[in-house]
Amino acid sequence: MTRTQKQSGQEENRRESGAKASGRGAASAVQSVDRAVSVLEILARHGEAGVTEIADELDVHKSTAFRLLGVLENRGLVAQAKDRGKYYLGAGVLRLAGAAAVRLDVSQEGVPICRELADELGETVNIAVLDDDAAVNIMQARGTASVTAQNWLGRRTPLHATASGKVLLAHLPPTLREGLLARPLHRFTERTATVASMLRGELDAVVQQGYAITVEELEIGLAAAASPVRAHDGKVIASLSVSGPVYRLTEERLPELAKRTEAAAVELSRRMGYGF
């Protein structure tokens, strides 16, 4: 075998070893996540448990169980009772469960309201919630005129180019809103607002008037109106919108639809406990 062939073989062996190590690392990470979730399930089942009990149920060494508990405790997902040394589910779990519950509740409570509004207006009605830097539609009802309309359910849409997105963006805490406005604002059509200073003015108007209107800002031929949905504490947790083609949702008709959308959003907010 020549020197070149030896070097080539050694290089190939190194690549194979690296690939195997990478594979083992990924498998180990997945196993750790699986075990961490199992720890949460054990504590949910028993209420509280010690390191030894958890290690026995996981069939791992106590040091492994202790390490998993340490990571979960740092994230607030578990806590330790100082007098007994046992662990129980932490407040972080409640925070995550609460976020999921809000989405479920607003979607469920919104079903009859959205269906009634869709039937009344004949257009598509959506409920959207904030998902990082986008609005995601979690409930949809279609009116008689929107039989062939596209399905928005589960779709992430940009905050700056949609009526729902502008409602959610307008009611964010100032620091969060400014952080999102500092990012590049993608232009979808000629009417998309891409200058932060101009968008700030629009968002201030949304807060003042109680609704947002967009015309061909995301797609040519699409118009929409949206209003905020509030939780019991007044925090905006979702937006309720009506959308349809511009030949039906004309600029003359949109303010009227916006007011009707606002009324529906107020009713949904009442169902969520706001105003009591």
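Some observations on this one:
- Residue check for SER146: at pLDDT 90 or above, of a type in the set (Ser, Thr, Tyr) and either open to solvent by 50 Å² or more (accessible area, probe 1.4 Å) or more than 16 Å from ASP131 (Cα to Cα) (or both): no
- Listing of strands (runs of 3 or more DSSP E) fully contained in segment 173-261 that carry 1 or more residues being in contact (Cβ under 8 Å) with a residue 60 or more places away in the chain: 222-230, 236-245
- If the condition is being part of a loop (DSSP other than H, G, I, E, B) and surrounded by fewer than 20 Cβ atoms within 10 Å (Cβ to Cβ), then segment 115-141 contributes GLY122, ASP132, ASP133.
- Per-region count, segment 23-53, residues among the β-branched types (Val, Ile, Thr) and either surrounded by fewer than 16 Cβ atoms within 10 Å (Cβ to Cβ) or without any contact (Cβ under 8 Å) to a residue 12 or more places away in the chain (or both): 4
- With respect to (1) surrounded by fewer than 15 Cβ atoms within 10 Å (Cβ to Cβ); (2) modelled with pLDDT under 90; (3) among the acidic types (Asp, Glu), the lone exception for ASP56 is condition (2).
- The single condition among (1) open to solvent by 20 Å² or more (accessible area, probe 1.4 Å); (2) closer than 28 Å to THR175 by Cβ; (3) modelled with pLDDT under 95 that LEU268 does not satisfy is (1).
- ALA224 closer than 26 Å to ARG253 by Cα, open to solvent by less than 70 Å² (accessible area, probe 1.4 Å) and under 22 Å from the mean Cα position of the chain (by Cα): yes
- Counted residues, segment 194-222 - those being over 25 Å from ARG183 (Cβ atoms) and of a type in the set (Gly, Ala, Ser): 2
- Residues of segment 181-190 that are touching a Leu at 6+ places or on another chain (Cβ under 9 Å) and either at pLDDT 95 or above or surrounded by fewer than 17 Cβ atoms within 10 Å (Cβ to Cβ) (or both): PHE188, THR189.
The values are calculated or read from the model by the stated rules, or taken from the named source; none is laboratory data. In this text, all values refer to a predicted model and were calculated from it rather than measured experimentally. A quick note on method: Cβ atoms are made from the backbone with ideal geometry, for glycine too, and the neighbour counts reach across all protein chains shown. Ligands, DNA and RNA are excluded from the accessible area calculation, which covers all protein heavy atoms including side chains. Shrake-Rupley method; radii C 1.70, N 1.55, O 1.52, S 1.80 Å.
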